[in-house]
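The values are calculated or read from the model by the stated rules, or taken from the named source; none is laboratory data. Everything numeric here is computed off the predicted structure, so don't read it as measured data. Note: ideal-geometry Cβ built from the backbone for every residue, glycine included; neighbour counts use all protein chains shown. To get the accessible areas, we keep the full protein, side chains included, count just its heavy atoms, and leave off ligands, DNA and RNA. Shrake-Rupley method; radii C 1.70, N 1.55, O 1.52, S 1.80 Å.
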Amino acid sequence: WDNADFSKGVGTTFYQEFPTLNTAKPPFVRDVEAKVRQYLRSSYSAAWTLKITWEKAPAYGAQTDVHKTITYQAILTTDGYRSYVLMLYQEGGMRWDYTRLAATNVLIGYT
């Protein structure tokens, strides 16, 4: 979630926290649990989840091109013992023109 440039007034970032230890779980958290179970083939019950959304984020270094924006999310979740991150991108993937970015070693995801 690096190299987004919100200085031109285009795009926004927001978050929503879901503390679910000993409480009813909303559909969003149940969906996150299902994804973790599916991808890792293990049992998982979230105690806390954070959804961060970058909406219509333009790339840093391409300030003149505010039309190639991207919407993506990072979802952090833990059961108090294990923690996971889900990275979700809008359909079509990253739409930034990476050839115009200052960095040449562009990576989508995390290492």
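List of remarks:
- Per the conditions (1) modelled with pLDDT of 80 or more; (2) over 17 Å from the mean Cα position of the chain (by Cα); (3) open to solvent by 40 Å² or more (accessible area, probe 1.4 Å), the sole criterion not satisfied by ALA47 is (3).
- Qualifying residues in region 5-28 (those that are touching a residue at least 24 places away in the same chain (Cβ under 8 Å) and aliphatic (A, V, I, L, M)) - the one least open to solvent (accessible area, probe 1.4 Å): VAL10
- Residue check for ALA57: in contact with a Gly (Cβ under 7 Å, 6 or more places away or on another chain), among the hydrophobic types (A, V, I, L, M, F, W, C), under 15 Å from ALA4 (Cβ atoms) and modelled with pLDDT of 85 or more: yes
- Within region 73-98, residues that are within 16 Å of ARG30 (Cα to Cα) and in a loop (DSSP other than H, G, I, E, B) have Cβ atoms under 6 Å from residues that are open to solvent by 50 Å² or more (accessible area, probe 1.4 Å) and of a type in the set (S, T, N, Q) in these pairs: ASP79/SER45, counting only partners at least 6 apart in sequence or on another chain.
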